[in-house]
Structure formats: C-alpha cells, structure tokens
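Q: What follows is a structure written as structure tokens; I'll ask about it next.
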Protein chains: 2
Amino acid sequence: MEQVVARQGEGRRVRIYDIARHAGVSATTVSAMLTGKRPVSAATRERIERSIATLGYRANASAKALAHGRTDSIALLIPPAGRSLSAFEVDFIARVVQQARASDYDVLVSTSLEEEKVFARLVEEERVDGIILLEVCFEDRRVERLVESGTPFVAVGRTADPRQISWVDIDFSSLVRSFVRHLRDLRHEDLVLVNTPRPLYDRGYGPARRAQSGFLDACEEFGVRGRVVYCDANPEAGFRVTSEILADDPSFTGLVVMNDYAIGGIYQALTLGGRRIPHDTSIISLADARWADALSPRLTAAPQPVDEMAVTAVRLLTAKLADPALPPEGHLILPPVTLRESTAAAPIRVAARAPERPR
Amino acid sequence: MEQVVARQGEGRRVRIYDIARHAGVSATTVSAMLTGKRPVSAATRERIERSIATLGYRANASAKALAHGRTDSIALLIPPAGRSLSAFEVDFIARVVQQARASDYDVLVSTSLEEEKVFARLVEEERVDGIILLEVCFEDRRVERLVESGTPFVAVGRTADPRQISWVDIDFSSLVRSFVRHLRDLRHEDLVLVNTPRPLYDRGYGPARRAQSGFLDACEEFGVRGRVVYCDANPEAGFRVTSEILADDPSFTGLVVMNDYAIGGIYQALTLGGRRIPHDTSIISLADARWADALSPRLTAAPQPVDEMAVTAVRLLTAKLADPALPPEGHLILPPVTLRESTAAAPIRVAARAPERPR
DNA sequence: CTGTTAGCGCCTTCAC
DNA sequence: GTGAAGGCGCTAACAG
C-alpha cells in the first residue's frame, strides 16, 4: 500500500512482467534483450520493443542492484576544505558527475566531515560501487578504512606512501618551483608563500605540504629569500596576515598564494599599504580562472587542472570497477604553466611585472 | 561469483541471516528490532546487538529499497546556468547535501542538460524518492513531466503559474527595487541593468525576468532613467558590453548587475573608461560574498540567501515524502537588504557613494 | 534462441 | 514476543 501511495500520479508502475506478458514472452527474455547478455531473435526483439514503447518501461534500479550486485552509482566524498567548497571542488563535482554519467554511473555527493557515518551509509550499506575521495592527507584514516574494506576507490591527493592505492594529484612541488622561477626571472629577490590555514598544513594536507617544500627548495635553488605564512581561508585573514608582514618585514616584493579565498584581502592590504600591483609587487597563484579574472589587476595564475583531474579519477575508478584485479595507478598532473603575458583566452594571466622598489 | 570478486577485501558480507543465526533468533526478529516496528524483548535485543557489534552489520540499501519501496535518496537537478556552476549553485549543493543527510537522505547530483536521460534514470528507474529542481523557468517541461509522473519534487524558482507545485524562490523583483531605491538615494539618476545572457531571459528564466520587470518598474516609480543590457556569463562579455554602453551613451552612473561572472570585466571596462568606483560610478548586485569581497573596491551586494533556500527546499521535500497528501507550498524569500556602509563582518558591503560626475 | 527455476537481502503479512 | 512463508523486481543458471 505504501509504495502505491508514494506514486500517486500514475497507478502502478510497469514492471518487467507486464512487458513480458504484453509481448507474449518470459521476463527472462525481456531482461536478456535489455541487458544484451544473450541473443534474442529479431522478431521477439521487435515485439518486446513495441511493448516497451506502448507501456513505457524502465528497469527498477533497486531490484537490478540487488540481483546484479552493483548499484551503478559512485560516491564523491568532499569534506569542505574551508567553510564552503572551493571553486576547484565545485568544478570537480560538476565534471565528475558529467564524466560518470558518460560511463553510466550516478554520483552520490557527500560533503560531510563525519567520516564514520558517511562510510557506514555509503560503503557498508552498499549504496555505491566505488568512491572518489577528495582532500586526502598524508595520513588518512579514510584511506585505511577503504583499503581494509576492499572498496574500490580513487584518491584525489596522495597519502605519504601511496603505492597501494589509485590516486590523481597535482604536482604542487614542481608547480610552485616554476612560480618561484618566474618571479626570480622578473628580478624578485624576496618572496612570501601565503599558504593554507595552519591546521590544514599540520593535518598533513598534501597541497600545503608539497607547495611549501617546493617553495623553500626553489627559493634556495634560485637564490632568493623566501618565507612562509599561514592564512585562514577568507579575505579578512588575508588582509590581516598581509598587513602583519607589511608591518614586520616589508622587504618582500613577490607573493605565491595557495589560498584562493584570502586573495581579495591580500590585494586590499597591499593596496592600502601603498603597494601597486603589479608595478612594485607581484602575486602568483594556482587559482580558478574566475577568481583570477575578477581581480583587478588580473592575478597571475596557473589554471586548476580540474578537467584532467576529474576525468582521470573517474576513468581510474570505472576501470577498476570493470576489472577489480587491476593494479593501483597514480597520476601526477602538472598544470601547463607557460608563464607569459597573455590575452584573456590564454591559459595563464600574467599581471606580474618586474619589481620597481628593489632598485 | 561476480559480487564476491567485487569485494575482495573481506570474504562475504555479513547479512541479516548471519546475525540471526549468530544471535539464535530469526531474521524477522533482527529486522523488527532494527526497524523498531514491533516490540522485542530486552534479552533478545541484547543478544542481537551483541551479534551485530561482533560481526559488523548494516542492512543492504538495495534490498531495503526493493522491499520497502523507498530509496532514502533524493536527486538534485542542476543544469548549469552558464558554462560552469555559479557560486550560488555550488553552495546550494553543499547545503542541500548537508541538510538531506540530517533527514537521512542521500543526494544524487545531476548537472546534465539532457533532461530526458536524467529523468529516465532517476525517476523512471526509481533511483530516488523525490527531486529538487533548480533553474526552473516560466514554462518548464521538466516540471510538467514531474507533475505528470506524480514524483514528489520541489522547484527552486517558479513557473509562470506555480500554484500546483511546491517551490522556493528569491523575490528578485522586490530585491532589485530596493537596489534602485538605494542608488536613487545616493542621487544616481541614470541606471543600467546588466542582466543574464539573452537566451536565458528569452527562455523565461525567472531571475532574469523578474529582475528586469522589477528594475524597470522601480526606475519609473523612483523617477530615474533605466535601461537594460544582456550579457554573457563571463568577464570578457562583461568587458565588451560595458565598453559598448560607455561608448554609446555614457550618461549612466549606476549599474545593477544580475550576472556574477561578468562583474570582473565590468569593473575593468569601467576603470579603463575612466570611471572611478565608487566615486563616480556605483555597482550593486545580488552576489556571493566571496565575489563581493574579492573585488576591489568591494562590491555593493546583497548576500545570496543560500542557506534559507536550501534548507526550505529540503524541508518541503522531506515533508512531502513523509506525507504525500500534503498540499503544495510556495516560499518567497527576500534577502535581508539593509543597504549601508558596513564593516567586513556585516551582511552588506556598500562601496557605492553619491555620484560626482552628474554635477 | 527461449522458458523455468532459484535466488539477491530485506520487510511484511500471518500464524503461533 | 517470535518464527515461517511469501513477495518486492530483477538477473543468473540450468534446461530444453
């Protein structure tokens, strides 16, 4: 009774038996035709198709899942890095959803931080066939649990030792190195890395860790001074942190920013502090194009390789679902950083110029 | 065989029968205890709970759905308004996911534009119990189909005649009226509405339609000149459109913008055109706080009422799922527009000042 | 090529 | 308070 009430619009739903009866065949044959798992004569096919067209039929997903042992759904686990999702995370969701649909998977999105509950519901209740896990840290309990349970998954980001798992990650280290080199080429000699919030770094958040080590190494390699500050993910924090370094030690002329939401505040503090971007101070970041373009002057930015990340993640996962014996695979992605003055259509916006003050 | 291979980590999954055997009761009793649908003696309860704790058990979602007739999932249908999701849409996803989880629902996200396929998969295959539909237009085929099929749903946005459906919407008309009044109070006498892309308007996109009529009515009411331009959802288009009106008829001093992604370009064109925001030109918009804060100077903005929209949408839907007989309900939300000079913590940022040039 | 039989794992009668 | 039987709708294994 309850099911019937739930769908008040039509009477009862059309089931595979209705089609079978209407077409004068058995349910098995209908199923066989639909799944294509065994040959069906042209004549029967014709009749079944006509019946389906007449009555309107779609196999019930729950029944299919129960019988077939797969839900044709995957889950996307995104614990929000900040208070809300970053532009990257957003685009990533959209792209994964799109890509998954192309492989005939639905996507269940979870942004919860309560790993236990999410895990129980999605994995233990077998709501999904596989998982894409975001914001993976050096030591990540979620990864451990997924490995234990044998659930197919792909990590976006890496653990400290990712050899046993499939992952996709950005090569933050090389990327930041190219940022530093670029700023050095513009004759900057004193740089600041505005990193993610401190707690994220401490938690072993990959981008924060790898960007920082890449930055410090590159500064040494290229013979420029480099220091690191941490900053909460909001404009107010960006303003505060930047004001502080302007007050404490204003010798810097270039900033590398790993913190999208702080950038607005950083701009404001610099401007109020008498800096003129890009004439005496340069900012460069891995950022969403929408941010980079909305800022004035435009931010020097490497575009987030969202598409490649998302497509690769889905591809790795669906491959593993199709063949669970597949060995784990890691993909390191370096955004195409061709740092140069560019038009709006080009991948990189360069607002940075040579510093004037250091002279 | 295949199912077993799919979960390589552990042997076979623990099922309700395993618990029953382990506890020395029948599966019926275990189920009864878990669903709480009939009394179970304290002693049996104890034993079952111990067995569950020992073996680890969670009811399989597909089997439950098949037997019980509900999936405990809802779908969020977001056709991207522009090339990618807007900040509002993003936050909306996150908030809906969170809120749905609080009511014990999972959320399937779809960003596909191919309504037919999405509809077939989610509704006809009964993957979800209900739907939240975004970007609803005046005439919306998706709404018609959902009504026909009797699927419980909530529209975010309204059709031209929304009396038969449940919906949540922003009161764009009143909102834009308050924008116009604010600009008039700042002594602006010549305004431009930079609206959504023309195709969206033509398609009967509610925010575009209602903002525009609200704008034109308000201009008449407050005795200021007002014209409307359409603009694609990207900075380049914003730049182009603004440059054009600066060239054609530069008498305007205030802009009302209904197009997040264009704002960066609008700022740039105005600046290049010699305008100084906010000294001689004011911009006001319904925008994400992250945008408003990232711009320099900060944008005058009413915050997107994301939370209220999302929470209301989920509430309406879950209520309807619990009791399908519930009558449809509409909610019109007016963002709290207390337009004033503000600090960073206040809901509204006012960068706008009285125009100087009109003097 | 097709139909019959037997589950998938759970919930829901109906008996006791 | 508890158990046995049947069904949700579909697919897989086994016969023909």
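Q: Being under 20 Å from residue A:208 (Cα atoms), touching a Lys or Arg at 6+ places or on another chain (Cβ under 8 Å) and small (Gly, Ala, Ser), is that true of even one residue in segment A:232-241?
A: So far as segment A:232-241 goes, yes, one or more of its residues are under 20 Å from residue A:208 (Cα atoms), touching a Lys or Arg at 6+ places or on another chain (Cβ under 8 Å) and small (Gly, Ala, Ser).
Q: Just a yes or no: is a residue in segment B:41-50 assigned to a helix (DSSP H, G or I), under 27 Å from residue B:108 (Cβ atoms), out of contact with any Lys or Arg (no Cβ under 6 Å at 6 or more places or on another chain) and modelled with pLDDT under 95? Before you say what the answer is, go through the steps one by one.
A: To start, the set of residues in segment B:41-50 that are assigned to a helix (DSSP H, G or I) comprises B:42-50.
Remaining after also requiring under 27 Å from residue B:108 (Cβ atoms): none.
Among the residues of segment B:41-50, not one is assigned to a helix (DSSP H, G or I), under 27 Å from residue B:108 (Cβ atoms), out of contact with any Lys or Arg (no Cβ under 6 Å at 6 or more places or on another chain) and modelled with pLDDT under 95, which makes the answer no.
Q: So which residues in segment B:60-84 are away from DNA strand D (no atom under 16 Å from the Cβ) and either out of contact with any Ser or Thr (no Cβ under 7 Å at 6 or more places or on another chain) or at pLDDT 80 or above (or both), if there are any at all? Break it down into steps so the answer makes sense when it comes.
A: Kept after step one, since they are away from DNA strand D (no atom under 16 Å from the Cβ), are these residues of segment B:60-84: B:73-84.
B:73, B:74, B:75, B:76, B:77, B:78, B:79, B:81, B:82, B:83, B:84, listed by residue number.
Q: Which residue out of A:73, A:62 is within 9 Å of another protein chain (Cβ to nearest Cβ), free of Cβ contacts under 8 Å to residues at least 12 places away in the same chain, polar (S, T, N, Q) and within 29 Å of residue A:127 (Cα to Cα)?
A: So the residue among A:73, A:62 that is within 9 Å of another protein chain (Cβ to nearest Cβ), free of Cβ contacts under 8 Å to residues at least 12 places away in the same chain, polar (S, T, N, Q) and within 29 Å of residue A:127 (Cα to Cα) is A:62.
Q: Let me spell it out: the conditions are (1) in contact (Cβ under 8 Å) with a residue 40 or more places away in the chain; (2) facing chain A (nearest Cβ under 10 Å); (3) crowded, with 22+ Cβ neighbours inside 10 Å, and residue B:180 meets all of them except one. Which number is the exception?
A: Condition (2) is where residue B:180 drops out.
Q: Restricting to segment B:21-41, name every residue that is within 14 Å of residue B:57 (Cβ to Cβ), in contact (Cβ under 8 Å) with a residue 12 or more places away in the chain and near DNA strand D (Cβ under 9 Å from one of its atoms).
A: B:23, B:25, B:29, B:30, B:31, B:33 - these are the residues of segment B:21-41 that are within 14 Å of residue B:57 (Cβ to Cβ), in contact (Cβ under 8 Å) with a residue 12 or more places away in the chain and near DNA strand D (Cβ under 9 Å from one of its atoms).
Q: Out of A:307, A:232, A:217, which single residue is in contact with a Ser or Thr (Cβ under 8 Å, 6 or more places away or on another chain) and acidic (Asp, Glu)?
A: Sole residue among the options that is in contact with a Ser or Thr (Cβ under 8 Å, 6 or more places away or on another chain) and acidic (Asp, Glu): A:217.
Q: With respect to residue A:94, is the statement that it is of a type in the set (Gly, Ala, Ser), over 26 Å from residue A:16 (Cα atoms), assigned to a helix (DSSP H, G or I) and facing chain B (nearest Cβ under 10 Å) true?
A: yes
Q: So which of B:226, B:214, B:254 ends up being crowded, with 16+ Cβ neighbours inside 10 Å and touching a His at 6+ places or on another chain (Cβ under 6 Å)?
A: Going through B:226, B:214, B:254 in turn, the sole match is B:254.
The values are calculated or read from the model by the stated rules, or taken from the named source; none is laboratory data. Because the structure is predicted, anything quoted here is derived from the model rather than measured. Using ideal geometry, Cβ is built from the backbone for each residue, glycine included, and neighbour counts are taken over all protein chains shown.
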